[in-house]
Number of protein chains: 2
Amino acid sequence: MTQQTYTVTGMTCGHCVASVTEEVGEIPGVTDVAVDLPTGKVTVTSEQELTTDAVRAAVEEAGYQLTA
Amino acid sequence: MTQQTYTVTGMTCGHCVASVTEEVGEIPGVTDVAVDLPTGKVTVTSEQELTTDAVRAAVEEAGYQLTA
């Protein structure tokens, strides 16, 4: 198991959190996604290391941006 | 046909707009719901006059507040 925290901008409400959680949760190997709305921190737990590109693609699919 | 405009607070994004549109649209007789996110104005077109209570209940069901 590995865990990584990303920062996502643009989330404004619980619906946004749900969208990001759903899309990131669909990345193969992801077992948990925890979003903190006020800070935009998204902590992803997965069976193997994820590429930042995979996480970025999921976040953008949900309609938000990954910083850096 | 009658049209009435209400002000809803708490909507922050397109998901919020979709939730309000869906709930208000389920009120019997409603034929159109138009939401302007920046102002919170919700314009409801319906076959007959709606009670404010009915609209308020739908807005609250979606998780938002009707002003006044």
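Relative contact order for chain A: 45 percent, from Cα pairs under 8 Å spaced at least 6 residues apart, divided by residue count.
At an R0 of 25 angstrom, the distance between the Cβ atoms of A:Ala18 and B:Asp36 translates into a FRET efficiency of 0.60.
Spin-label model, B:Thr67 to A:Glu61: label points 7 Å out along the Cα-to-beta-carbon direction sit 3.9 nm apart. Within the shell defined by Cβ-Cβ distances under 9 Å, the residues around B:Ala62 carry a net charge of -4, with Lys and Arg each +1 and Asp and Glu each -1. Placing +1 on the Cβ of every Lys and Arg and -1 on the Cβ of every Asp and Glu, with nothing else charged, gives the protein assembly as shown a dipole about its Cα centre of roughly 460 debye. Among the GluC sites (Glu not before Pro) found in chain A, those both in a DSSP coil and sparsely packed, with 16 or fewer other Cβ atoms within 10 Å of their Cβ, are A:Glu26, A:Glu47, A:Glu49. Charged neighbours of A:Ala34, selected by a Cβ distance under 14 Å, balance to -2 (K, R count +1; D, E count -1). Taken residue by residue and averaged, Cβ atoms of other chains lying within 10 Å of the Cβ of A:6-16 number 3. The stretch B:42-56 and the stretch A:19-43 have Cα centres separated by 37 Å.
The share of C-alpha pairs in the stretch A:2-66 whose separation exceeds 20 Å stands at 12 percent.
Dipole check for the stretch B:2-66: with +1 at the C-beta of Lys and Arg, -1 at the C-beta of Asp and Glu, and the Cα centre as origin, the magnitude is about 240 Debye.
Values quoted throughout were computed directly from the atomic coordinates according to the rules given, and no laboratory measurement underlies them. For clarity, every value in this text was computed on a predicted model and none was experimentally measured. Here the Cβ is made from the backbone with ideal geometry for all residues, glycine too, and neighbour counts use every protein chain on show.
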